[in-house]
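Enquirer: First, the structure itself, so that you have it in front of you.
Just so it is clear, none of the values below were taken in a lab; they were calculated from the coordinates. Computed from a predicted model, the values in this text were never measured in an experiment. For neighbour counting, all protein chains shown are included, and Cβ atoms are generated from backbone atoms with ideal geometry for every residue, glycine included.
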Amino acid sequence: MRSILTPVAPALALHLPDEASTLALGTRLAPAVRPGMSIHLCGELGAGKTTLARGLIKALGHEGKVKSPTYSLVELYTVSRLHLYHFDFYRFDHPKAWQDSGFREYFNEASVCLVEWPEKGGAAALPPPDLRITLTPAPSGRDVTLEAFTKAGSQCLTSVNEPSSDPGCAPA
């Protein structure tokens, strides 16, 4: 059984008023993403997980369509210097599905793994995240909490905190 994760930096809370600001958050994360990272995207259906992933993947240089991997379970994007695997475990009905999937090999020092619905993969089985992003629908837009569990995750928080010309990414 895996121990409880301990953040290495204070969590960052933001309010994103619309889809454009959610895409912009993904763009602001991109410069800090490094090989070997695992990023978990948490939140209910429609919270903006795939939109955030789309902003990140596009900012890394992918020019084609970024689709939700809900039915394929994983989409590979070779962008810039990275092999990025975008997972969606929504359809997993039991944590054993993660073990049977054969996806463990993708979580390595050369890849970036972006995981939607990590809780469906089984908390004890899935490799721990460097960064966990939780999106929650709000009356106007969505609230987002970013938690870093490694130095690489902390660098993502720094990247998001740097001054930006985007007024849509406001502290919550």
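Enquirer: List CYS42, CYS156 from most exposed to least, where exposure is judged by having the fewest other Cβ atoms within 10 Å.
Expert: Values: CYS42 19, CYS156 26.
The order, fewest Cβ neighbours first, is CYS42, CYS156.
Enquirer: Okay, moving on. Along the charge dipole of the chain, which of VAL112, ALA47, PRO7 sits closest to the positive end, that is, farthest toward it, with unit charges on the beta carbon of Lys, Arg, Asp and Glu (+1, +1, -1, -1)?
Expert: Checking the options against the dipole of the chain, the answer is VAL112.
Enquirer: Suppose a student asked you for the relative contact order of the chain, using Cα pairs under 8 Å spaced at least 6 residues apart; what percent would you report?
Expert: Numbers: 363 pairs, mean separation 64.3, N = 172.
37 percent.
Enquirer: Also, I was wondering about something else. Determine the percent antiparallel among the DSSP beta bridges restricted to the chain, to the nearest 5.
Expert: 60 percent
Enquirer: Hey, another quick one. With Cα extents along the principal axes in Å in mind, check (1) 50, 36, 30; (2) 44, 36, 31; (3) 47, 34, 27 and report the label derived from this structure.
Expert: So the structure-derived entry is (2).
Enquirer: Taking the chain, how many lysine pairs are there with alpha carbons less than 20 Å apart, if each pair must be eight or more places apart or span two chains?
Expert: Working: LYS49/LYS58; LYS49/LYS65; LYS49/LYS67; LYS49/LYS120; LYS58/LYS67; LYS67/LYS120; LYS96/LYS120.
Final tally of qualifying lysine pairs is 7.
Enquirer: Where does helix 151-161 land angle-wise versus the long Cα axis of the chain, in degrees 0 to 90, nearest 10?
Expert: 30 degrees
Enquirer: Ok, one more. Which angle from 0 to 90°, rounded to the nearest 10, does the C-alpha axis of helix 49-59 make with the longest principal axis of the chain?
Expert: 80 degrees
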